[in-house]
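See structure below.
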Amino acid sequence: MSLDAVLARIDDQLPAATDRLLELLRIPSISTDPAYTQPCSEAADWLVEDLKSLGIKAEKRITPGHPMVVGHVAGDGPHLLFYGHYDVQPVDPLELWDSDPFAPCVEETPKGRVIRGRGSSDDKGQLMTFVEACRAWREVNGALPCAITFFFEGEEESGSPSLVPFMHENADELRADIALICDTALFQSRTPAIVTMLRGMVGEQITVQGPDMDLHSGFFGGLAMNPIRALSKILADIHDDEGRVTIPGFYDGIPDLSPEIRAQWEALGFDWQGFLGSVGLSQPAGEADRTPLEMIWSRPTAEVNGIWGGYTGDGFKTVLPAKAHAKISFRLVEGQDPDRIRDAFRAFVRARLPQDCTVAFKPHGGSAASVMETSDPAFEAARQALSEEWPEPAAYVGCGGSIPIAGHFGSILGMNAMLIGFGKDDDAIHSPNEKYDLESFHKGIRSWARILDALSRKGAA
Ligand SMILES: [Zn+2]
(Lines give C-alpha, C1' and ligand atoms only; values in the text may rest on other atoms or scores of the structure.)
Protein backbone atom coordinates (compact mmCIF):
# COMPACT_ATOMS: atom_id res chain seq x y z
CA MET A 1 0.00 0.00 0.00
CA SER A 2 1.58 3.23 -1.06
CA LEU A 3 0.26 6.73 -0.60
CA ASP A 4 2.50 7.98 -3.40
CA ALA A 5 0.84 5.64 -5.86
CA VAL A 6 -2.59 6.87 -4.76
CA LEU A 7 -1.55 10.51 -5.16
CA ALA A 8 -0.13 9.77 -8.61
CA ARG A 9 -3.38 8.06 -9.56
CA ILE A 10 -5.33 11.15 -8.41
CA ASP A 11 -3.14 13.43 -10.57
CA ASP A 12 -3.52 11.11 -13.51
CA GLN A 13 -7.29 10.75 -13.19
CA LEU A 14 -8.15 14.41 -12.50
CA PRO A 15 -9.83 14.94 -15.91
CA ALA A 16 -12.08 11.90 -15.36
CA ALA A 17 -12.88 13.02 -11.79
CA THR A 18 -13.74 16.49 -13.09
CA ASP A 19 -16.06 14.98 -15.71
CA ARG A 20 -17.88 13.03 -13.02
CA LEU A 21 -18.34 16.20 -10.95
CA LEU A 22 -19.67 18.05 -14.01
CA GLU A 23 -22.21 15.25 -14.48
CA LEU A 24 -23.44 15.64 -10.88
CA LEU A 25 -23.54 19.42 -11.26
CA ARG A 26 -25.88 19.09 -14.26
CA ILE A 27 -28.62 17.79 -11.96
CA PRO A 28 -30.53 20.85 -10.63
CA SER A 29 -31.05 19.58 -7.08
CA ILE A 30 -32.48 22.76 -5.52
CA SER A 31 -33.90 21.51 -2.24
CA THR A 32 -36.02 24.45 -1.16
CA ASP A 33 -38.20 24.56 -4.31
CA PRO A 34 -40.79 21.76 -4.63
CA ALA A 35 -40.50 22.06 -8.44
CA TYR A 36 -37.07 20.38 -8.11
CA THR A 37 -38.11 17.39 -6.02
CA GLN A 38 -37.43 15.02 -8.90
CA PRO A 39 -33.91 16.34 -9.60
CA CYS A 40 -33.09 16.02 -5.89
CA SER A 41 -34.08 12.39 -6.07
CA GLU A 42 -31.99 11.98 -9.26
CA ALA A 43 -28.92 13.45 -7.57
CA ALA A 44 -29.36 10.93 -4.74
CA ASP A 45 -29.64 8.11 -7.32
CA TRP A 46 -26.52 9.35 -9.08
CA LEU A 47 -24.56 9.22 -5.82
CA VAL A 48 -25.86 5.75 -4.96
CA GLU A 49 -24.66 4.46 -8.33
CA ASP A 50 -21.33 6.22 -7.96
CA LEU A 51 -20.74 4.73 -4.51
CA LYS A 52 -21.71 1.30 -5.81
CA SER A 53 -19.06 1.64 -8.50
CA LEU A 54 -16.57 1.87 -5.62
CA GLY A 55 -17.78 -1.42 -4.15
CA ILE A 56 -19.74 0.37 -1.43
CA LYS A 57 -23.11 -0.93 -0.28
CA ALA A 58 -25.20 2.19 -0.81
CA GLU A 59 -28.89 3.05 -0.86
CA LYS A 60 -31.21 5.97 -1.24
CA ARG A 61 -33.16 6.31 2.00
CA ILE A 62 -36.55 7.93 1.89
CA THR A 63 -37.47 10.67 4.37
CA PRO A 64 -40.54 12.95 4.57
CA GLY A 65 -38.40 15.44 2.60
CA HIS A 66 -35.57 14.75 0.17
CA PRO A 67 -33.81 11.39 0.43
CA MET A 68 -30.58 10.64 2.30
CA VAL A 69 -27.84 8.54 0.76
CA VAL A 70 -26.16 6.07 3.11
CA GLY A 71 -23.32 3.75 2.15
CA HIS A 72 -21.09 1.41 4.09
CA VAL A 73 -17.86 -0.36 3.47
CA ALA A 74 -16.32 -2.66 6.07
CA GLY A 75 -12.67 -2.70 7.00
CA ASP A 76 -10.10 -2.83 9.78
CA GLY A 77 -8.92 0.04 11.91
CA PRO A 78 -10.95 3.12 12.65
CA HIS A 79 -14.49 3.54 11.39
CA LEU A 80 -14.91 6.91 9.68
CA LEU A 81 -18.13 8.63 8.67
CA PHE A 82 -18.06 11.13 5.84
CA TYR A 83 -20.84 13.74 5.49
CA GLY A 84 -21.64 16.08 2.61
CA HIS A 85 -24.79 17.47 1.00
CA TYR A 86 -25.94 17.07 -2.59
CA ASP A 87 -28.64 19.76 -2.61
CA VAL A 88 -27.93 23.29 -3.80
CA GLN A 89 -29.23 26.83 -3.38
CA PRO A 90 -31.68 28.38 -5.85
CA VAL A 91 -30.04 30.25 -8.73
CA ASP A 92 -32.01 33.52 -8.70
CA PRO A 93 -31.34 36.10 -9.98
CA LEU A 94 -30.61 34.07 -13.11
CA GLU A 95 -29.80 37.14 -15.22
CA LEU A 96 -26.69 37.78 -13.10
CA TRP A 97 -25.13 34.46 -14.18
CA ASP A 98 -22.68 34.63 -17.09
CA SER A 99 -23.51 31.03 -18.00
CA ASP A 100 -26.23 28.46 -17.31
CA PRO A 101 -25.85 27.45 -13.62
CA PHE A 102 -26.69 23.84 -14.52
CA ALA A 103 -24.52 23.64 -17.65
CA PRO A 104 -21.22 23.56 -15.73
CA CYS A 105 -17.85 23.86 -17.40
CA VAL A 106 -14.17 24.26 -16.67
CA GLU A 107 -13.24 27.86 -17.31
CA GLU A 108 -9.88 29.64 -17.63
CA THR A 109 -9.71 32.74 -15.43
CA PRO A 110 -6.84 35.13 -14.58
CA LYS A 111 -6.58 33.33 -11.20
CA GLY A 112 -6.46 29.83 -12.72
CA ARG A 113 -8.94 27.22 -13.89
CA VAL A 114 -12.30 27.01 -12.13
CA ILE A 115 -15.29 24.69 -12.27
CA ARG A 116 -18.27 27.00 -12.82
CA GLY A 117 -21.83 26.06 -11.86
CA ARG A 118 -24.32 25.95 -9.00
CA GLY A 119 -23.10 23.55 -6.30
CA SER A 120 -19.53 23.40 -7.65
CA SER A 121 -18.20 24.57 -4.29
CA ASP A 122 -21.24 24.17 -1.99
CA ASP A 123 -21.25 21.27 -1.69
CA LYS A 124 -21.06 18.84 -4.63
CA GLY A 125 -17.45 19.68 -5.49
CA GLN A 126 -16.40 19.34 -1.87
CA LEU A 127 -18.39 16.14 -1.38
CA MET A 128 -16.74 14.60 -4.44
CA THR A 129 -13.21 15.37 -3.16
CA PHE A 130 -13.70 12.63 -0.59
CA VAL A 131 -15.40 10.21 -2.97
CA GLU A 132 -12.64 10.64 -5.57
CA ALA A 133 -9.95 10.08 -2.94
CA CYS A 134 -11.68 6.79 -2.08
CA ARG A 135 -11.88 5.86 -5.76
CA ALA A 136 -8.15 6.38 -6.33
CA TRP A 137 -7.35 4.52 -3.14
CA ARG A 138 -9.41 1.53 -4.19
CA GLU A 139 -8.04 1.48 -7.72
CA VAL A 140 -4.47 1.37 -6.42
CA ASN A 141 -4.92 -0.86 -3.40
CA GLY A 142 -7.94 -2.97 -4.31
CA ALA A 143 -9.89 -1.88 -1.22
CA LEU A 144 -10.47 1.12 1.02
CA PRO A 145 -8.08 1.53 3.97
CA CYS A 146 -10.64 1.28 6.76
CA ALA A 147 -14.37 1.05 7.51
CA ILE A 148 -16.21 4.05 6.08
CA THR A 149 -19.83 5.16 6.29
CA PHE A 150 -20.95 7.66 3.65
CA PHE A 151 -23.81 9.96 4.66
CA PHE A 152 -25.14 12.47 2.14
CA GLU A 153 -28.01 14.84 2.84
CA GLY A 154 -30.32 16.59 0.37
CA GLU A 155 -31.89 19.26 2.58
CA GLU A 156 -28.92 21.21 3.97
CA GLU A 157 -29.79 24.36 2.04
CA SER A 158 -33.39 24.26 3.23
CA GLY A 159 -33.00 23.86 6.98
CA SER A 160 -32.39 20.08 7.20
CA PRO A 161 -35.91 19.23 8.49
CA SER A 162 -35.36 15.45 8.16
CA LEU A 163 -31.83 15.29 9.49
CA VAL A 164 -32.30 15.08 13.26
CA PRO A 165 -35.16 12.53 13.09
CA PHE A 166 -33.13 10.45 10.60
CA MET A 167 -30.06 10.52 12.84
CA HIS A 168 -32.16 9.42 15.82
CA GLU A 169 -33.89 6.63 13.90
CA ASN A 170 -30.64 5.34 12.40
CA ALA A 171 -28.25 6.13 15.23
CA ASP A 172 -26.80 2.64 15.54
CA GLU A 173 -26.20 2.41 11.82
CA LEU A 174 -24.59 5.85 11.54
CA ARG A 175 -22.39 5.80 14.62
CA ALA A 176 -18.67 5.68 13.82
CA ASP A 177 -15.44 6.67 15.54
CA ILE A 178 -15.30 10.12 14.01
CA ALA A 179 -17.23 12.22 11.48
CA LEU A 180 -15.52 14.02 8.62
CA ILE A 181 -17.47 16.95 7.17
CA CYS A 182 -16.41 18.67 3.96
CA ASP A 183 -18.46 21.89 3.68
CA THR A 184 -16.10 24.63 4.91
CA ALA A 185 -13.31 26.75 3.44
CA LEU A 186 -9.59 27.36 3.50
CA PHE A 187 -8.70 30.18 5.91
CA GLN A 188 -8.37 33.39 3.85
CA SER A 189 -8.40 31.20 0.71
CA ARG A 190 -4.93 29.75 1.36
CA THR A 191 -4.42 28.05 4.73
CA PRO A 192 -5.87 24.55 5.21
CA ALA A 193 -8.05 24.60 8.29
CA ILE A 194 -9.87 22.27 10.65
CA VAL A 195 -12.79 23.99 12.36
CA THR A 196 -12.73 23.05 16.02
CA MET A 197 -15.14 25.56 17.56
CA LEU A 198 -18.52 26.87 16.43
CA ARG A 199 -20.43 29.53 18.29
CA GLY A 200 -23.96 28.93 19.58
CA MET A 201 -26.81 31.43 19.70
CA VAL A 202 -29.60 32.84 21.83
CA GLY A 203 -32.16 35.30 20.48
CA GLU A 204 -34.66 37.47 22.33
CA GLN A 205 -37.33 39.86 21.14
CA ILE A 206 -38.30 42.39 23.76
CA THR A 207 -41.23 44.75 23.96
CA VAL A 208 -41.25 47.59 26.47
CA GLN A 209 -44.68 49.05 27.16
CA GLY A 210 -45.20 52.48 28.69
CA PRO A 211 -48.64 54.17 28.44
CA ASP A 212 -51.78 52.19 27.57
CA MET A 213 -52.05 53.92 24.19
CA ASP A 214 -50.07 56.09 21.77
CA LEU A 215 -50.04 59.69 23.05
CA HIS A 216 -49.66 63.17 21.54
CA SER A 217 -46.27 64.59 22.50
CA GLY A 218 -47.77 68.06 22.70
CA PHE A 219 -50.19 66.98 25.43
CA PHE A 220 -48.10 64.39 27.27
CA GLY A 221 -44.51 65.00 26.19
CA GLY A 222 -42.19 65.70 29.13
CA LEU A 223 -44.63 64.23 31.61
CA ALA A 224 -45.16 60.70 30.30
CA MET A 225 -42.45 58.02 30.10
CA ASN A 226 -41.55 57.22 26.48
CA PRO A 227 -40.81 53.47 26.17
CA ILE A 228 -38.37 54.12 23.29
CA ARG A 229 -36.31 56.21 25.67
CA ALA A 230 -36.43 53.45 28.28
CA LEU A 231 -35.51 50.74 25.77
CA SER A 232 -32.68 52.76 24.18
CA LYS A 233 -31.12 53.34 27.59
CA ILE A 234 -31.25 49.64 28.42
CA LEU A 235 -29.75 48.62 25.06
CA ALA A 236 -27.02 51.24 25.33
CA ASP A 237 -26.13 49.80 28.72
CA ILE A 238 -25.33 46.32 27.33
CA HIS A 239 -21.77 47.31 26.30
CA ASP A 240 -19.25 49.39 28.19
CA ASP A 241 -16.74 51.73 26.55
CA GLU A 242 -14.23 48.87 26.22
CA GLY A 243 -16.61 46.77 24.13
CA ARG A 244 -17.35 44.37 26.99
CA VAL A 245 -20.83 43.05 27.66
CA THR A 246 -21.97 44.26 31.08
CA ILE A 247 -24.66 41.65 31.79
CA PRO A 248 -23.69 40.12 35.17
CA GLY A 249 -22.23 36.62 34.78
CA PHE A 250 -22.08 36.87 30.98
CA TYR A 251 -18.43 35.78 30.77
CA ASP A 252 -18.57 33.23 33.62
CA GLY A 253 -17.14 29.82 32.76
CA ILE A 254 -15.54 30.78 29.46
CA PRO A 255 -12.14 29.07 29.18
CA ASP A 256 -9.11 30.94 27.93
CA LEU A 257 -7.44 29.89 24.69
CA SER A 258 -4.70 27.31 25.06
CA PRO A 259 -1.18 28.56 24.23
CA GLU A 260 -1.09 26.16 21.24
CA ILE A 261 -4.28 27.58 19.70
CA ARG A 262 -3.18 31.13 20.42
CA ALA A 263 0.12 30.48 18.61
CA GLN A 264 -1.67 28.88 15.62
CA TRP A 265 -4.04 31.82 15.33
CA GLU A 266 -1.20 34.30 15.51
CA ALA A 267 0.62 32.41 12.75
CA LEU A 268 -2.44 32.80 10.51
CA GLY A 269 -1.60 36.48 10.03
CA PHE A 270 -5.28 37.43 9.84
CA ASP A 271 -5.65 40.52 7.66
CA TRP A 272 -8.32 42.14 9.80
CA GLN A 273 -7.75 45.55 8.22
CA GLY A 274 -8.59 44.04 4.83
CA PHE A 275 -11.49 42.07 6.32
CA LEU A 276 -13.03 45.18 7.89
CA GLY A 277 -11.98 47.36 4.97
CA SER A 278 -13.95 45.16 2.56
CA VAL A 279 -17.15 46.35 4.29
CA GLY A 280 -16.12 49.98 4.75
CA LEU A 281 -14.89 49.71 8.35
CA SER A 282 -11.51 50.26 9.96
CA GLN A 283 -11.70 49.66 13.72
CA PRO A 284 -12.45 46.46 15.72
CA ALA A 285 -15.46 47.09 17.97
CA GLY A 286 -15.19 44.10 20.34
CA GLU A 287 -13.51 43.72 23.71
CA ALA A 288 -10.54 46.05 23.63
CA ASP A 289 -8.11 43.49 25.09
CA ARG A 290 -8.90 40.73 22.56
CA THR A 291 -7.53 40.05 19.08
CA PRO A 292 -9.84 40.35 16.07
CA LEU A 293 -9.81 36.55 15.56
CA GLU A 294 -10.79 36.00 19.19
CA MET A 295 -13.64 38.49 18.72
CA ILE A 296 -15.16 36.46 15.86
CA TRP A 297 -14.25 32.91 16.97
CA SER A 298 -13.78 32.45 20.69
CA ARG A 299 -15.52 35.35 22.42
CA PRO A 300 -19.26 35.80 22.89
CA THR A 301 -21.22 38.73 21.51
CA ALA A 302 -24.38 40.74 22.15
CA GLU A 303 -25.88 42.43 19.10
CA VAL A 304 -29.04 44.46 18.60
CA ASN A 305 -30.40 43.16 15.28
CA GLY A 306 -33.44 45.38 15.05
CA ILE A 307 -35.14 48.19 16.92
CA TRP A 308 -38.44 49.85 16.20
CA GLY A 309 -41.39 51.72 17.64
CA GLY A 310 -43.46 54.88 17.18
CA TYR A 311 -43.83 56.39 13.74
CA THR A 312 -41.24 55.48 11.11
CA GLY A 313 -43.12 56.26 7.87
CA ASP A 314 -42.72 59.22 5.53
CA GLY A 315 -43.32 62.67 6.95
CA PHE A 316 -43.62 63.22 10.66
CA LYS A 317 -45.96 62.32 13.50
CA THR A 318 -45.31 63.66 16.99
CA VAL A 319 -46.34 60.42 18.62
CA LEU A 320 -45.30 59.32 22.07
CA PRO A 321 -45.68 55.58 21.51
CA ALA A 322 -47.13 53.00 23.84
CA LYS A 323 -44.55 50.35 22.89
CA ALA A 324 -40.95 49.96 21.81
CA HIS A 325 -39.38 46.77 20.45
CA ALA A 326 -35.98 45.27 19.78
CA LYS A 327 -34.44 42.01 18.63
CA ILE A 328 -31.22 41.04 20.36
CA SER A 329 -29.01 38.04 19.76
CA PHE A 330 -26.03 36.59 21.55
CA ARG A 331 -23.36 34.42 19.92
CA LEU A 332 -22.22 31.98 22.57
CA VAL A 333 -18.93 30.21 23.16
CA GLU A 334 -17.74 27.24 25.19
CA GLY A 335 -18.81 27.45 28.82
CA GLN A 336 -21.97 29.51 28.22
CA ASP A 337 -25.34 27.90 28.77
CA PRO A 338 -28.09 29.34 26.52
CA ASP A 339 -30.76 29.24 29.26
CA ARG A 340 -28.49 30.90 31.79
CA ILE A 341 -27.59 33.68 29.34
CA ARG A 342 -31.26 34.23 28.51
CA ASP A 343 -32.15 34.48 32.20
CA ALA A 344 -29.25 36.84 32.89
CA PHE A 345 -30.30 39.11 30.04
CA ARG A 346 -33.93 39.21 31.22
CA ALA A 347 -32.83 40.06 34.76
CA PHE A 348 -30.57 42.80 33.35
CA VAL A 349 -33.51 44.34 31.48
CA ARG A 350 -35.95 44.11 34.39
CA ALA A 351 -33.44 45.72 36.75
CA ARG A 352 -33.30 48.77 34.46
CA LEU A 353 -36.99 49.14 33.73
CA PRO A 354 -38.37 52.52 34.86
CA GLN A 355 -41.52 52.72 36.91
CA ASP A 356 -44.67 52.57 34.74
CA CYS A 357 -42.96 50.41 32.11
CA THR A 358 -43.50 46.70 31.66
CA VAL A 359 -41.56 44.29 29.51
CA ALA A 360 -42.45 41.16 27.54
CA PHE A 361 -39.87 38.71 26.16
CA LYS A 362 -40.20 36.37 23.21
CA PRO A 363 -37.46 33.75 22.93
CA HIS A 364 -35.92 32.88 19.60
CA GLY A 365 -33.55 29.94 19.26
CA GLY A 366 -31.11 28.67 21.82
CA SER A 367 -28.10 26.52 21.06
CA ALA A 368 -24.83 26.09 22.86
CA ALA A 369 -21.46 26.39 21.15
CA SER A 370 -19.90 23.21 19.72
CA VAL A 371 -16.34 22.47 20.66
CA MET A 372 -14.49 19.52 19.18
CA GLU A 373 -12.26 17.23 21.24
CA THR A 374 -8.94 18.08 19.63
CA SER A 375 -7.20 15.79 22.10
CA ASP A 376 -8.48 12.97 19.87
CA PRO A 377 -5.29 11.92 18.00
CA ALA A 378 -7.23 11.97 14.71
CA PHE A 379 -7.09 15.77 14.79
CA GLU A 380 -3.32 16.04 14.93
CA ALA A 381 -2.97 13.25 12.35
CA ALA A 382 -5.29 15.11 9.97
CA ARG A 383 -3.60 18.44 10.62
CA GLN A 384 -0.20 16.97 9.73
CA ALA A 385 -1.59 15.27 6.62
CA LEU A 386 -3.08 18.59 5.43
CA SER A 387 0.16 20.41 6.17
CA GLU A 388 2.01 17.99 3.88
CA GLU A 389 -0.30 18.75 0.97
CA TRP A 390 -0.53 22.56 1.16
CA PRO A 391 2.17 25.24 1.08
CA GLU A 392 1.17 26.45 4.56
CA PRO A 393 0.78 24.41 7.75
CA ALA A 394 -2.82 23.60 8.65
CA ALA A 395 -4.43 25.28 11.65
CA TYR A 396 -7.29 24.67 14.04
CA VAL A 397 -9.68 27.55 13.50
CA GLY A 398 -12.96 28.79 14.86
CA CYS A 399 -16.17 29.62 13.08
CA GLY A 400 -18.20 32.54 14.29
CA GLY A 401 -21.45 31.12 12.93
CA SER A 402 -23.04 27.78 13.55
CA ILE A 403 -22.93 24.58 11.46
CA PRO A 404 -25.66 22.53 13.12
CA ILE A 405 -24.60 19.16 11.65
CA ALA A 406 -21.35 19.19 13.65
CA GLY A 407 -23.30 19.61 16.87
CA HIS A 408 -25.77 16.86 15.90
CA PHE A 409 -22.98 14.31 15.48
CA GLY A 410 -21.94 15.15 19.04
CA SER A 411 -25.31 15.37 20.72
CA ILE A 412 -27.18 12.57 18.89
CA LEU A 413 -24.43 10.11 18.03
CA GLY A 414 -21.80 10.97 20.65
CA MET A 415 -19.21 11.46 17.90
CA ASN A 416 -16.48 14.00 17.46
CA ALA A 417 -16.50 15.79 14.09
CA MET A 418 -13.72 17.23 11.96
CA LEU A 419 -14.76 20.01 9.59
CA ILE A 420 -12.28 20.24 6.74
CA GLY A 421 -13.00 22.02 3.46
CA PHE A 422 -11.26 23.59 0.51
CA GLY A 423 -13.63 26.40 -0.51
CA LYS A 424 -12.30 29.90 -1.16
CA ASP A 425 -13.75 33.24 -0.09
CA ASP A 426 -14.51 34.19 -3.71
CA ASP A 427 -16.36 30.95 -4.56
CA ALA A 428 -19.67 32.87 -4.59
CA ILE A 429 -21.55 30.09 -2.81
CA HIS A 430 -25.29 30.92 -2.66
CA SER A 431 -24.63 33.67 -5.29
CA PRO A 432 -24.57 33.92 -9.10
CA ASN A 433 -21.51 32.48 -10.92
CA GLU A 434 -20.57 30.03 -8.15
CA LYS A 435 -17.23 28.35 -8.83
CA TYR A 436 -14.77 25.90 -7.30
CA ASP A 437 -11.10 26.25 -8.14
CA LEU A 438 -9.80 23.24 -10.00
CA GLU A 439 -6.85 23.48 -7.64
CA SER A 440 -9.18 23.19 -4.63
CA PHE A 441 -10.79 20.12 -6.19
CA HIS A 442 -7.46 18.51 -7.04
CA LYS A 443 -5.67 19.28 -3.78
CA GLY A 444 -8.85 18.49 -1.85
CA ILE A 445 -8.85 14.96 -3.27
CA ARG A 446 -5.15 14.60 -2.49
CA SER A 447 -5.75 15.94 1.04
CA TRP A 448 -8.36 13.30 1.78
CA ALA A 449 -6.07 10.55 0.45
CA ARG A 450 -3.39 11.75 2.88
CA ILE A 451 -5.90 11.97 5.74
CA LEU A 452 -7.25 8.47 4.99
CA ASP A 453 -3.68 7.21 5.02
CA ALA A 454 -2.85 8.95 8.29
CA LEU A 455 -6.03 7.92 10.11
CA SER A 456 -5.96 4.29 8.99
CA ARG A 457 -2.21 3.84 9.49
CA LYS A 458 -2.16 5.31 12.96
CA GLY A 459 -5.35 3.54 13.90
CA ALA A 460 -6.31 6.96 15.16
CA ALA A 461 -9.85 8.11 15.89
ZN1 LIG B 1 -22.93 23.67 2.19
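The values are calculated or read from the model by the stated rules, or taken from the named source; none is laboratory data. Just so you know, these numbers come straight off a predicted model, no measurement behind them. Ideal geometry is used to build each Cβ from the backbone, glycine not excepted, and the neighbour counts take in all protein chains shown.
The set of residues from the stretch 260-287 being closer than 19 Å to Thr191 by Cα, of a type outside the set (Lys, Arg) and part of a helix (DSSP H, G or I) comprises Glu260, Ile261, Ala263, Gln264, Trp265, Glu266, Ala267, Trp272, Gln273, Gly274, Phe275. For Val91, are the conditions met, namely being touching a Phe, Trp or Tyr at 6+ places or on another chain (Cβ under 9 Å), among the hydrophobic types (A, V, I, L, M, F, W, C), within 16 Å of the ligand (Cβ to nearest atom) and in a loop (DSSP other than H, G, I, E, B)? When the stated conditions are applied, Val91 passes them. Residue-level check: of (1) among the hydroxyl-bearing types (Ser, Thr, Tyr); (2) surrounded by fewer than 16 Cβ atoms within 10 Å (Cβ to Cβ); (3) touching a residue at least 24 places away in the same chain (Cβ under 8 Å), Thr374 misses just (2). Residues in the stretch 195-233 that are farther than 30 Å from Phe422 by Cβ and in contact with a Ser or Thr (Cβ under 6 Å, 6 or more places away or on another chain): Gly203, Gln209, Ser217. Selection of the stretch 224-259 for residues being in a helix (DSSP H, G or I), touching a helix residue (DSSP H, G or I) at 6+ places or on another chain (Cβ under 8 Å) and either hydroxyl-bearing (Ser, Thr, Tyr) or within 25 Å of Thr196 (Cα to Cα) (or both) yields an empty set.
Within the stretch 61-86, take every residue that is within 16 Å of the ligand (Cβ to nearest atom) and in a strand (DSSP E or B) and give me the one that is surrounded by the fewest Cβ atoms within 10 Å (Cβ to Cβ).
My answer is Phe82.
Among the listed residues Glu49, Glu59, which satisfies the condition of being within 18 Å of Ala17 (Cα to Cα) and either charged (D, E, K, R) or out of contact with any Lys or Arg (no Cβ under 9 Å at 6 or more places or on another chain) (or both)? I'd like the intermediate steps shown before the answer.
Details: Glu59 fails: within 18 Å of Ala17 (Cα to Cα).
So the residue among Glu49, Glu59 that is within 18 Å of Ala17 (Cα to Cα) and either charged (D, E, K, R) or out of contact with any Lys or Arg (no Cβ under 9 Å at 6 or more places or on another chain) (or both) is Glu49.
Looking only at residues of the stretch 96-120 that are of a type in the set (A, V, I, L, M) and outside any loop (DSSP other than H, G, I, E, B), we find that the one that is farthest from Leu21 (Cα to Cα) is Leu96. With respect to the conditions (1) touching a residue at least 24 places away in the same chain (Cβ under 8 Å); (2) surrounded by fewer than 17 Cβ atoms within 10 Å (Cβ to Cβ); (3) charged (D, E, K, R), Asp241 lacks only one, and its number is (1). Of everything in the stretch 123-144 that is away from the ligand (no atom under 16 Å from the Cβ) and in a loop (DSSP other than H, G, I, E, B), the residue that is nearest to Leu80 (Cα to Cα) is Leu144.
When the stretch 363-391 is filtered for residues that are at pLDDT below 95 and in contact with a Pro (Cβ under 7 Å, 6 or more places away or on another chain), the ones remaining, listed by number, are Gly366, Ser367, Ala368. Any chance the stretch 389-404 includes a residue that's assigned to a helix (DSSP H, G or I) and either more than 16 Å from the ligand (Cβ to nearest atom) or touching a strand residue (DSSP E or B) at 6+ places or on another chain (Cβ under 6 Å) (or both)? Yes: one or more hits.
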